[in-house]
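The values are calculated or read from the model by the stated rules, or taken from the named source; none is laboratory data. Since the model is a prediction, treat every value here as computed from it, not as a measurement. Here Cβ is always computed from backbone atoms with ideal geometry, including for glycine, and neighbour counts include all displayed protein chains. The accessibility values were calculated without ligands, DNA or RNA, using every heavy atom of the protein model including side chains. Shrake-Rupley method; radii C 1.70, N 1.55, O 1.52, S 1.80 Å.
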Protein chains: 2
Amino acid sequence: MLSILAERFGPKSVITDADTIEPWLTDWRGRFHGASPALLAPGSTEEVAAMVALAAEHGVPLTPQGGNTSMVGGATPPEDGSALILSLRRMNRLRSISAEAGLAVAEAGMILANLHASADGVGMRFPLTLGSRGSCTIGGLIATNAGGTQVLRFGTMRALVAGVEAVLPDGSVHDGLGALKKDNRGYSIDQLLVGSEGTLGIITAASLRLVPALTGRAVAWLGLKDPQAALDVLRMLEGQTKAIEGFEIVPGDSLALVLEHIPGTRSPLDGQHPWHALIEATASSDRDEPPAALLERLLAPALERGLVKDAVIAASEAQAEAFWRIRDSISEAERASGPATQHDISVPVADMPRFMVEAAKEVEAAFPGVRASAFGHLGDGNVHFHVRAGSRASVDWYEREAPAITRLVDDLVTAASGSISAEHGIGQMKKAELERLSSPSRLFALKAIKHALDPQDLMNPGKLIG
Amino acid sequence: MLSILAERFGPKSVITDADTIEPWLTDWRGRFHGASPALLAPGSTEEVAAMVALAAEHGVPLTPQGGNTSMVGGATPPEDGSALILSLRRMNRLRSISAEAGLAVAEAGMILANLHASADGVGMRFPLTLGSRGSCTIGGLIATNAGGTQVLRFGTMRALVAGVEAVLPDGSVHDGLGALKKDNRGYSIDQLLVGSEGTLGIITAASLRLVPALTGRAVAWLGLKDPQAALDVLRMLEGQTKAIEGFEIVPGDSLALVLEHIPGTRSPLDGQHPWHALIEATASSDRDEPPAALLERLLAPALERGLVKDAVIAASEAQAEAFWRIRDSISEAERASGPATQHDISVPVADMPRFMVEAAKEVEAAFPGVRASAFGHLGDGNVHFHVRAGSRASVDWYEREAPAITRLVDDLVTAASGSISAEHGIGQMKKAELERLSSPSRLFALKAIKHALDPQDLMNPGKLIG
């Protein structure tokens, strides 16, 4: 098959040089390693379709890859070298953009930061953003239904995808780029592909929703008694404005770790508080209330009645960035302080405050010496629940303890009707846990759909449900 | 199987009396007729699950039914009497409602108007609404991804469903009622069930998003040169406010038919205009600009530069209702004036103005004597394209001409990258056209998914793709 590929598509699209392939065999955190004899880099949807048809004919598995920023090993080929990597990075064009229609059509390999810039160029904004925006791609973001820090207002990738172009496992091309606002011709193939992790076909382009550009933002940092107070503040704000875009909860010990390990950080408030919230409010028109004034007006009564213990609104863009830097540095600070297991989980929003506190207690009781704490997207019912080794932990703590800790956290999440994967997907990392904890109806549906669309199990083998 | 059902579930849940079944064998417009030996009326999800499992065991097809308001024969059992009707109407409870969380959990048989009232009772609103709100049910609205007149701002049912509870064809229960805001455990089963028309399982309940209650609304009626001017006005408004909830386009001849056939109607404007638009703006807080003032402020420049020829803002709620009554009476007025074929279609929003004009010309040229015109949800790229018989048409005009007219309209829509079903679904009526006009990729995916989840083809046989 490799010789057919090389002949038909040429050296630009079919790479067999081991050194060039090497960086794409391992995930960015270095946890998953694979092997592959070739990296396919098609330059067009037609090339992808021809490659997929050829792979189907020869029974050769394909591992699609965008920016290779998966948190769960979702883009790493299998270890046995049986699959070819199919990289979308050459397909990185913006096919069209219209401020009037509020739509952009981007190819799968376009990097998120470049889409941000393109939208900005026409006076609009693509609101979804996350830490890896400089390397993650549109195709990968759709295939994993990515989240990030602005989900509260605009939703996950699912809500921002108006239509998808994809090559299905039989080599046929699904064209949803017309972005019809209403289309009831049966099951939504576009929505089925969102979050499918490359296991049902290869996303080649997408029509994406844009929103008006920002005219201003304000960032506040709050000191709070507990997570319930944080949710109460959020509900109070949401009852009075649509302008809240970010609402992140940060426990006191996460802040302490950041201050200890991340140079140049300082606490936004003078006193100590057991919990904190970072709030971002925005405006997208001169007619909108200025965000700083809005936050001041809405937070004042909460301070007065003691729901908020203390609060500060960033006085400058630099200070706003400094507040966000604390939030964004938590994982890095934790890594500097020792090993930890990390769990991207969700439960119903109303249940999250109790869950954060009680699950941490249960984990600490079951694994003496560890410290469990959760931070993140409270308003989405999604936190990153991390369990850190105690100071006297052995060097092989992670290898010895992580599987049992993960199982306990996942059991607690499942008992709370939550999800063991809120925004990172399943990939390789959570595949066994998905199988262990899913209801019979979910497993039946996932397996039936996978087998129906990809009967040879050639699309991203070993991930999700294949 | 009937005797087993009767014994296990009793006479309340299993009805075999022909007179009681009779009204549910025909669709509300009287176009589709079926037969069935029994109507199952389960009172709980457990009963639905047991009935579906029994049906799977015995190989007996089920036709799910809500309010029986399908426009495409989607809820009428097959003519051969092979299927049992499974009515969800007894499952009509509101399981929970929370203004704070902005969520309601309603059973499938709950009538839309009752959900409106319940939301109103807690100071919130369920925004989706349509003509049959007094009889259509939540389950049916989800199964058909219903649209209506408020889609512009809040989307179709798909956007309002936070999670679904459903019995899958194997009798297992999918429980998505936790309404997790983020959940990346593979393909979204909830989204797959939205718009599946009962062919992949029986929706038994749903978690639905609520929005803040209205504090006011204003309705304007515009005279316009052509559909492009209407779209230009809409884009101008949407660029400056989020408050536009309804934007309906009405051609001059539709207005004339309403004035001629519907008692008590009068033209909102004095002069004659080839096209009209009805605009509804709303407010949901005292801090929002009063909608009438907003419309006046934003429409004034459009009037000045001639984009809008004339405009009037309803001076009272009664006048606002009168404007809407014109829009809502178009189909009735057309029926009074003679036979017509009706086509619920969509194309990309930006292409709709041209499509409305050119497709009408093509149809009128191909079928001399007919009058073609389109009205409806311009901002959604969705119009109801109607072709009326000429005054000298024979009595069997509909039977003789409708199939060929439908094929031409569907061909034009498909050539414009549109959908032959924007909001009504496929049901029985559009099944052959879906098969004729879908891309190979769409047919492959629809059939593969259907066969995988319902291998015996027992769920709503003869509809959509089964």
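The modelled label-to-label distance between B:K12 and B:T26, using points 7 Å beyond Cα along the C-beta direction, is 3.1 nm.
The B and A chains share an interface that buries close to 5700 Å² of accessible area, total over both sides, probe 1.4 Å. Gain on full extension, evaluated as 0.36 nm per residue between A:K361 and A:V211 minus their Cα-Cα distance, stands at 49.9 nm. Only the Cβ atoms of Lys and Arg (+1) and of Asp and Glu (-1) were treated as charged; on that basis the dipole of the protein assembly as shown about its Cα centre amounts to roughly 400 debye. What does the C-alpha gyration tensor say about the overall shape of region B:75-191? Classify as rounded when a/c is under 1.5, otherwise prolate if a/b is larger than b/c, or oblate. Note, shape of region B:75-191 comes out oblate. Dimensions of region A:157-227 along the principal axes, based on C-alpha atoms and rounded to the nearest Å, stand at 55, 29, 22, largest first. Packing, taken as the mean count of other beta carbons within 10 Å per residue, orders the peptides A:393-402, B:42-51, A:91-100 from highest to lowest as B:42-51, A:91-100, A:393-402.
Starting from the label point of A:A35 at 7 Å along Cα→Cβ, the same points in the other copies fall at 6.6 nm, in ascending order.
Our helix-only sum for chain B, with -39,500 (n - 2.57) per DSSP H run of n ≥ 4 divided by its residues, gives a mean residue ellipticity at 222 nm of -10500 deg cm²/dmol. Among residues of chain A, the one whose Cβ lies closest to the rotation axis carrying chain A onto chain B, together with that distance rounded to whole Å, is A:A452, 2. Quotient of the Cα radius of gyration of chain A and 2.2 N^0.38 Å, N being its number of residues: 1.01. Relative to the longest principal axis of the Cα atoms of chain A, helix A:112-121 runs at roughly 80 degrees.
Residues with beta-carbon under 14 Å from that of B:P42, excluding B:P42: net charge, scoring Lys, Arg +1 and Asp, Glu -1?
Result for the neighbourhood of B:P42: +1.
With the simple model of a label 7 Å out from the Cα in the direction of the Cβ, B:Q456 to B:S391 spans 5.9 nm.
So how far apart, in nm, are the two label points at A:A35 and A:T129 if each is 7 Å from Cα heading toward Cβ? Calculated label separation equals 4.3 nm. Coupling constants for region B:290-307 follow from the phi torsions by the Karplus curve (6.51 cos²θ - 1.76 cosθ + 1.60, θ = phi - 60°), and in residue order they are x, x, 5, 5, 4, 4, 4, 4, 7, 7, 3, x, 5, 5, 4, 8, x, 5 Hz; glycine and proline get x. Each copy carries a label point for B:R266 at 7 Å from Cα along the beta-carbon vector; from one copy to the others these points are 7.2 nm apart, nearest first.
For A:326-335, what's the mean count of beta carbons from other chains sitting within 10 Å of each residue's beta carbon?
Neighbouring Cβ atoms belonging to other protein chains average 0 per residue here.
For B:K225, a cut-off of 14 angstrom between C-alpha atoms picks up these aspartates and glutamates, skipping any fewer than 8 places away in its own chain: B:D253, B:D310. Distance from the Cα centroid of region B:363-427 to that of region B:26-86 is 30 Å (rounded to whole angstrom). Averaged over the residues of peptide A:435-447, the number of Cβ atoms from other protein chains lying within 10 Å of each residue's Cβ is 5. Between A:R400 and A:D310, the C-beta separation translates, for a Förster distance of 56 Å, into a calculated FRET efficiency of about 0.85. Taking every residue in A:233-243 and counting other chain Cβ atoms within 10 Å of its Cβ, the average works out to 2.
In whole angstrom, how long is each semi-axis of the equivalent ellipsoid of region A:313-382, when you take the square root of 5 times every eigenvalue of its Cα gyration tensor and sort them from largest down?
Details: eigenvalues 133, 65, 17 Å².
Over the Cα atoms of region A:313-382, the semi-axes work out to 26, 18, 9 Å.
Could you tell me whether region B:193-306 comes out rounded, prolate or oblate from its Cα gyration tensor? Rule is a ≥ b ≥ c as square roots of the eigenvalues, rounded for a/c under 1.5, then prolate if a/b exceeds b/c, otherwise oblate. In terms of gyration-tensor shape, oblate. Descending by average beta-carbon neighbour count within 10 Å, the peptides B:302-309, B:232-239 line up as B:232-239, B:302-309, the highest first.
The string of couplings for region A:149-160 from the Karplus curve (6.51, -1.76, 1.60, θ = phi - 60°) is 9, 10, 5, 3, 8, 10, x, 7, 3, 3, 6, 9 Hz, one whole number per residue in order, with x for Gly and Pro.
For a paramagnetic label modelled at 7 Å from the Cα of B:K447 toward its Cβ, which residues of region B:387-419 fall within the zone defined by backbone nitrogen distances under 20 Å? Under 20 Å, as judged by backbone N against the label point of B:K447, lies no residue of region B:387-419. Computed over neighbours whose Cβ is under 12 Å from that of A:P440, the net charge equals -1, Lys and Arg +1, Asp and Glu -1. Binning all Cα-Cα separations of region B:1-55 at 10 Å, short to long from zero, yields these whole-percent fractions: 23, 47, 26, 4. Averaging the Cα positions of each part gives two centres, and for region A:186-211 and region A:321-359 these lie 29 Å apart. Applying the Karplus relation 6.51 cos²θ - 1.76 cosθ + 1.60 with θ = phi - 60° to region A:420-437 yields 3J(HN,Hα) values of 6, 9, 7, 9, 8, x, 9, x, 8, 5, 10, 4, 5, 5, 4, 5, 5, 10 Hz, where x marks Gly and Pro. The share of accessible area on the protein assembly as shown that comes from carbon and sulfur is 51 percent, using a 1.4 angstrom probe. The percentage of C-alpha pairs in region A:295-422 whose separation is greater than 16 Å is 68%. At full extension, A:S96 and A:R354 could sit 88.3 nm farther apart than now, given 0.36 nm per residue minus the alpha carbon distance. Between copies, the label points of A:L2, set 7 Å from Cα on the Cα→Cβ line, lie 6.7 nm apart, reported in increasing order to one decimal in nanometres.
Seen through its C-alpha gyration tensor, with square-root eigenvalues sorted a ≥ b ≥ c, region A:424-466 comes out oblate because a/c lies at 1.5 or above while a/b is not bigger than b/c. Partner aspartates and glutamates whose Cα lies under 18 Å from the Cα of B:K463, excluding those fewer than 8 positions away in the same chain, are identified as A:D183, B:D27, B:E79, B:D80, B:E197, B:D344, B:E423, B:E433, B:E435, B:D454. State which entries of A:K181/B:K309; A:K182/B:K430; A:K447/B:K450; A:K447/B:K181; A:K450/B:K450 exceed 18 angstrom in Cα-Cα distance in the structure shown. The pairs that break the limit, which is 18 Å between Cα atoms, are A:K181/B:K309; A:K447/B:K181.
Each peptide in A:334-347, A:142-155 gets a packing score, the mean of other Cβ atoms within 10 Å over its residues, and the list from highest to lowest is A:142-155, A:334-347. Here the scattering of the protein assembly as shown is modelled by Debye summation over its C-alpha atoms, one equal scatterer each and no solvent; at q = 0.10 Å⁻¹ the log10 of I(q)/I(0) is -1.25. At an R0 of 45 angstrom, the distance between the Cβ atoms of B:S439 and B:Q240 translates into a FRET efficiency of 0.75.
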